[in-house]
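Notes follow once the structure below has been shown.
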Amino acid sequence: MLILSRKTGESVVIDGRVIVKIIRTDGDTVKVGIEAPSNIPVHRQEVYEEIQRANREAATRAPLSQVPSLAHVKAKAPAAHPLSSPATNQNHSKTV
Amino acid sequence: MSSVAEIDIAKTLQVQLPLGLLGFEPIKTYSLIAKPDQEPFLWMSVPDGEDLAFLVVPPSFILPDYAPDLSDDDADFLEIRHPDDALVLNIVTLRSGGAATVNLKGPIMINRHTMIGKQVVLSRSDYAIQHPIRSA
């Protein structure tokens, strides 16, 4: 592992495309800013691993015809068919 | 363009996930399959007989006020300009004993016009990765 010392406000450039900047330190917490192209996913490692694990758990490795009935799983009152109407999340915003 | 008519006729639709699902990055293309007796659940399955599929559900059926935030970067990546452009699907895990949970923390956001999507991770939210789905 490459280990570098950086001061607050200094950055590291990775592959000419990803910039990792030390924003602030506070005790054992370091605030970093990451600038990366949108096709490079950036995640907190523990969250990434948690979602990865969840996906693996959810993966069904059986032909769809052999998958058990879902009759026991009841979603709440259907509105419209999911693919027939726009998503209803009006609160869904583009804020960071 | 994805239309209801297309869905009703073909019952399948392709979704492109250029970055793949977390843990399944190499797989970029899924078929979205609706089975009438299983709605509102849908299957996201790997075409070409790979026997791998994910059960998904539009979150409005689970949590009507679910409001995932899309970052500007993700909105740009998916070219989602308006909430109505987004088709949101959450992955369901079937568990033993008939229980099921849904991942509200890592929804799949799809541009319903281009059918290009991405599994996003909601950074600032209390949404659970294993949100229980109530059985009847």
Quick one: Karplus J couplings for segment B:20-36, per residue in order, coefficients 6.51, -1.76, 1.60, θ = phi - 60°, nearest Hz, x for Gly and Pro? x, 7, 4, x, 10, 4, x, 8, 10, 10, 10, 9, 9, 10, 9, 10, x
With θ taken as phi - 60° and the coefficients 6.51, -1.76 and 1.60, list the Karplus ³J(HN,Hα) couplings across segment A:38-55 in order, rounded to whole Hz; mark glycine and proline as x. 5, 8, 10, x, 10, 9, 5, 4, 5, 6, 4, 5, 5, 5, 4, 5, 4, 4
CD proxy at 222 nm, helix term only [per DSSP H run n ≥ 4: -39500 (n - 2.57); per residue of chain B; nearest 500]: -2500 deg cm²/dmol
No solvent, one uniform scatterer per C-alpha: report log10 I(q)/I(0) for chain B via the Debye equation at q = 0.11, 0.15, 0.18 1/Å, two decimals. -0.38, -0.73, -1.09
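Just order A:26-38, B:50-62 by mean Cβ neighbour count inside 10 Å, highest at the front, would you?
Details: A:26-38: 10.5, B:50-62: 20.7.
Those peptides, ordered most packed to least, come out B:50-62, A:26-38.
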Please compute, for peptide B:23-35, the average count of beta-carbon atoms on other protein chains lying within 10 Å of each residue's beta-carbon. 2
Vicinal HN-Hα couplings computed from phi for segment B:61-70 (Karplus, 6.51 cos²θ - 1.76 cosθ + 1.60; Hz; Gly/Pro x): 7, 9, 9, x, 9, 4, 9, x, 7, 9
For the ranges A:57-69, B:15-27, what's the packing order if you count other beta-carbon atoms within 10 Å of each residue, average per peptide, and put the highest first? B:15-27, A:57-69
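So if I take the alpha carbon set of segment A:29-72, get Rg, then get Rh from the Kirkwood formula, what is the Rg over Rh ratio?
Working: Rg = 17.4 Å, Rh = 14.1 Å.
Answer for segment A:29-72: 1.24.
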Sequence neighbours fewer than 8 away in the same chain don't count; with that in mind, list the aspartates and glutamates whose C-alpha is under 20 Å from A:K21. A:E10, A:E35, B:D72, B:D73
Residues with amide H under 5 Å of B:A100's amide H, sequence separation 5 or more or different chain, H placed in the peptide plane at 1.01 Å from N; which? B:R95, B:I133
For chain B, what is the number of Lys pairs with C-alpha distance below 21 angstrom, counting only pairs 8 or more positions apart or on separate chains? 5
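Using 0.36 nm per residue, how much length does the chain from B:D126 to B:S96 gain when fully extended, once their Cα-Cα distance is taken away?
Values: separation 30, 0.36 × 30 = 10.80 nm, distance 2.53 nm.
Extending this stretch completely gives an extra 8.3 nm.
Values in this text are rule-based calculations from the coordinates and carry no lab data. These figures come from a predicted structure and were not determined experimentally. We place every Cβ from the backbone using ideal geometry, glycine too, and count neighbours over all the protein chains shown.
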